[in-house]
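As structure tokens, the structure follows; a few thoughts come after it.
The values are calculated or read from the model by the stated rules, or taken from the named source; none is laboratory data. In this text, all values refer to a predicted model and were calculated from it rather than measured experimentally. When we count neighbours, we look across all protein chains shown, and the Cβ atoms used for this are built from the backbone with ideal geometry, even at glycine. Side chains included, ligands, DNA and RNA excluded: accessible areas come from the protein's heavy atoms. Shrake-Rupley method; radii C 1.70, N 1.55, O 1.52, S 1.80 Å.
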Amino acid sequence: MHRFQRKGGKLYAEGVSLNGLADRFGTPLYVYSAGTISDHYRGLRQALRAVDPLICYSVKANSNLAILSLLARLGSGFDVVSGGELERVQQAGGQSAKCVFAGVGKTDEEIELGLRYGVKAFHVESEEEMDRIAMVAGRKARRRAPIALRVNPDIAAGGHAKITTGTYANKFGIPFEEVVSIYRRAGKDRRLCLRGVQMHIGSQITQGAPFRAAVRKMIPLVKQLKKEHGLEYFDIGGGVGIVYEDALASGRQGWWKTRQAQKAIPLSEYADSVVPLLKDLKMKILLEPGRFLVGNAGVLVTEVLYRKRTGRKNFVIVDAGMNDLLRPALYEAYHQIEPVGSPRKGTVSTDVVGPVCESGDVFCHDRGISPVDRGDRLAILSAGAYGFSMSSNYNTRPRPAEILVQGNRARVIRTREKVADLWRGEKKS
Ligand SMILES: *Cc1c(COP(=O)(O)O)cnc(C)c1O
């Protein structure tokens with residue numbers, strides 16, 4: 001479910017008109033619905049209540065402080081992949097004891113930071129990294145470094161090669177076969193404390209089967225590790241897929257409850273594929289959803305600048321570009337595009353493109369969208385995850401403002417960048 005819908009033909013985020021927000025704050029503009037994020041957080045907890053999971057929101061999906069703070073107040077923990085993200089969680093009022101620290105390339109400084117803040121555990125991605133964490137802990141801290149190994153179960157999942165992480169062709173995790181011996185070695189190291197075991201097989205997974213296959217493969221290993229080392233938790237990662245096509249219509253139906261809203265995984269199916277296997281482990285279960293919590297909770301509002309035709313195509317040129325929303329260019333990702341005002345009659349086959357000087361700066365190819373004029377606004381839907389957090393200043397473009405809507409209230413949670421912000425730190429001579 002999400003809380004973007006048409007009222008009197010015009011698009012609203014909860015009780016707030018998107019055209020009104022664009023008038024006030026300009027475009028391009030990210031708009032998030034707080035109610036949608038809460039609904040998704042509570043829906044996920046409810047679906048998996050039989051295992052009472054600790055949800056560790058994957059910060060990289062959307063790291064705005066207001067979003068982190070909202071999730072912290074709901075009781076969420078956090079999955080961070082850099083020292084910077086850990087600092088953000090602190091700033092937002094999140095608890096470090098509910099933070100897990102992942103990533104294949106942690107620096108000494110980041111390890112020290114994690115120790116200082118007292119993270120729940122470092123998720124270790126290689127044997128060399130484990131030794132380094134032990135060394136830094138031995139040198140600096142008075143207490144042991146809490147760790148969990150990230151196991152690569154060698155299961156293919158994920159909608160696109162660039163978001164598959166759980167096979168041996170990927171850089172992530174420790175090969176399944178080596179895990180037991182590495183834990184044994186770690187268990188003898190007095191600088192380390194073995195907390196759990198983790199996996200994360202990919203992103204935008206829309207079937208239960210890969211989750212079930214990976215958990216099933218992991219269970220005997222997890223049981224053995226629990227017995228040998230008294231591990232507290234099994235973290236099954238994130239990756240729960242969301243609706244991108246027909247995202248607007250599916251908002252009303254509650255897309256996670258049905259398959260009607262095609263292609264996404266209903267929460268019940270996700271729960272059914274993992275809960276029965278996890279229940280008799282009698283361990284704490286951790287989840288690391290990113291996209292699921294925030295993806296459908298955000299839109300990118302953009303304004304039409306120009307239209308042009310070539311012999312082959314109709315182009316609509318908008319003021320948002322690939323620097324603002326990279327997913328279509330990076331992953332060939334589909335985002336539904338909807339007029340913010342009342343849709344006009346009919347559809348025109350259109351490429352919606354940004355102003356950035358790259359042929360890849362395209363939000364859709366030959367898609368039938370309702371005809372638009374200069375000054376009309378379009379909403380690029382399902383842009384709440386991996387949207388702003390992947391944005392850049394390419395072409396010296398200031399990044400958009402971000403707005404959080406709650407009911408009839410809208411609040412600026414990040415002001416629009418100014419051009420002068422972009423050369424801060426640079427030296428002319
Ligand atoms: C990116 C990532 C996640 C979140 O993935 P989603 O598909 O957004 O749920 C969770 N865990 C790890 C280790 C990640 O790298």
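Summary of values
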quantity: Unique match (being open to solvent by 10 Å² or more (accessible area, probe 1.4 Å), acidic (Asp, Glu), in contact with a strand residue (DSSP E or B) (Cβ under 6 Å, 6 or more places away or on another chain) and away from the ligand (no atom under 16 Å from the Cβ)) among Glu232, Glu245, Glu228; calculated: Glu232
quantity: Residue within the range 366-381 that is in a strand (DSSP E or B) and more than 28 Å from Ser33 (Cα to Cα) present; calculated: yes
quantity: Residue list for the range 102-147, filter: closer than 23 Å to Ser181 by Cα and of a type in the set (Phe, Trp, Tyr); calculated: Phe122
quantity: Among residues of the range 382-409, those that are within 27 Å of Asp421 (Cβ to Cβ) and in a loop (DSSP other than H, G, I, E, B), counted; calculated: 15
quantity: Residue within the range 291-305 that is at pLDDT below 95, out of contact with any Phe, Trp or Tyr (no Cβ under 6 Å at 6 or more places or on another chain) and either more than 16 Å from the ligand (Cβ to nearest atom) or assigned by TED's automatic domain parsing to the domain that holds Leu404 (or both) present; calculated: no
quantity: Residue in the range 191-208 that is more than 16 Å from the ligand (Cβ to nearest atom) and not hydrophobic (A, V, I, L, M, F, W, C) present; calculated: yes
quantity: Ala22 being at negative phi and open to solvent by 10 Å² or more (accessible area, probe 1.4 Å); calculated: no
quantity: Residue under evaluation Met283, criteria (1) farther than 24 Å from Leu404 by Cα; (2) over 25 Å from the mean Cα position of the chain (by Cα); (3) not assigned by TED's automatic domain parsing to the domain that holds Val100, criterion not met; calculated: (3)
quantity: Given (1) among the hydrophobic types (A, V, I, L, M, F, W, C); (2) in a loop (DSSP other than H, G, I, E, B); (3) open to solvent by 30 Å² or more (accessible area, probe 1.4 Å), number of the condition Ala420 does not satisfy; calculated: (2)
quantity: Residue within the range 137-147 that is surrounded by fewer than 24 Cβ atoms within 10 Å (Cβ to Cβ), at pLDDT below 95 and either closer than 20 Å to Pro53 by Cα or within 16 Å of the ligand (Cβ to nearest atom) (or both) present; calculated: no
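Listed here are the residues, each with its yes/no results for (1) open to solvent by 10 Å² or more (accessible area, probe 1.4 Å); (2) assigned by TED's automatic domain parsing to the domain that holds Gly241; (3) touching a helix residue (DSSP H, G or I) at 6+ places or on another chain (Cβ under 9 Å).
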| position | (1), (2), (3) |
| --- | --- |
| Ile317 | yes, no, no |
| His335 | no, no, yes |
| Cys357 | yes, no, no |
| Gly360 | yes, no, yes |
| Pro371 | yes, no, no |
| Ala383 | no, no, yes |
| Ser391 | yes, no, no |
| Tyr394 | yes, no, no |
